[in-house]
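Visitor: Okay, here's the structure, questions in a sec.
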Amino acid sequence: MHFLPSRLLTALCLLLAVQVAQADDVAATQSAETTSSKVSTLIDKGFGFLGVRYRFGGNGPDAGGFDCSGLVRKVFGDALGLNLPRTAAEMARLGDKVGTQDLKPGDLVFFNTMRRAFSHVGIYLGDNKFLHAPAKGSAVRVEAMDQSYWLKRFNGGRRLVNEAQAAPLTPPPLLALPSEATSQ
């Protein structure tokens, strides 16, 4: 049995290490692109419901309109295939907590609009704006979170779409080692 010379073995190990490092970089880039793509899909889906009237307990245009959690549930379900709970309070228990300064598009934002925490939910769009179904007599719309009404009632944010959830990591391809030469 012949063994690989130590220089060749060292070179193969270095080459493998470089390939693994490059694969990690590619996976991180693909994961970020996938997250960005999912968030874009989510927001586009939400914008498709602008103007749909508010209806307490409503789950969509076919049901006569949306309430806040019905809108969020429909958007996340259609865009990402996520089956979220029915109420804002239940949604507030999901994902990772996010502070005001760390909000990113696609995060859920929660407000106290009925004298109880997490009684209203919307989807953060970036630039201090969010999409939601506000109240009876209105329709799905975009509003600024820095308006005094919303600013006083903000309860926090939750992130449901992040790099770890957006795309499964695939192991990097490995180099095939040359077959060992056998003596005859």
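Visitor: Is it the case that some residue within region 75-96 is of a type in the set (Lys, Arg), under 25 Å from Leu151 (Cβ atoms) and surrounded by fewer than 16 Cβ atoms within 10 Å (Cβ to Cβ)?
Guide: yes
Visitor: On to the next question. Between Asp78, Asp107, which is in contact (Cβ under 8 Å) with a residue 40 or more places away in the chain and acidic (Asp, Glu)?
Guide: Going through Asp78, Asp107 in turn, the sole match is Asp107.
Visitor: Another question, then. Does region 105-126 hold any residues that are at pLDDT 95 or above and charged (D, E, K, R), and which are they?
Guide: Result: Asp107, single match.
Visitor: Filter region 51-71 for residues that are surrounded by 24 or more Cβ atoms within 10 Å (Cβ to Cβ) and hydrophobic (A, V, I, L, M, F, W, C); which is farthest from the chain's Cα centre (by Cα)?
Guide: Taking the candidates together, the pick is Phe66.
Visitor: Between a residue in region 48-65 that is in contact (Cβ under 8 Å) with a residue 60 or more places away in the chain and farther than 18 Å from Gly77 by Cα and any residue that is among the aromatic types (Phe, Trp, Tyr) and not in a strand (DSSP E or B), which pairs come within a Cβ distance under 8 Å, given they are 6 or more apart or on different chains?
Guide: Close Cβ pairs satisfying both conditions: none exist.
Visitor: Which condition does Ala89 not pass, out of (1) over 14 Å from Asp67 (Cβ atoms); (2) part of a helix (DSSP H, G or I), if it passes all the others?
Guide: The single condition Ala89 does not satisfy is (1).
Visitor: Now for a separate question. Given the conditions (1) of a type in the set (Gly, Ala, Ser); (2) more than 16 Å from Gly58 (Cβ to Cβ); (3) exposed (fewer than 14 other Cβ atoms within 10 Å of the Cβ), report the number of the one that Ala117 does not fulfil.
Guide: Among (1) of a type in the set (Gly, Ala, Ser); (2) more than 16 Å from Gly58 (Cβ to Cβ); (3) exposed (fewer than 14 other Cβ atoms within 10 Å of the Cβ), the lone unmet condition for Ala117 is (3).
The values are calculated or read from the model by the stated rules, or taken from the named source; none is laboratory data. Computed from a predicted model, the values in this text were never measured in an experiment. Every residue, glycine as well, gets a Cβ built from its backbone with ideal geometry; the counts of neighbours run over all protein chains shown.
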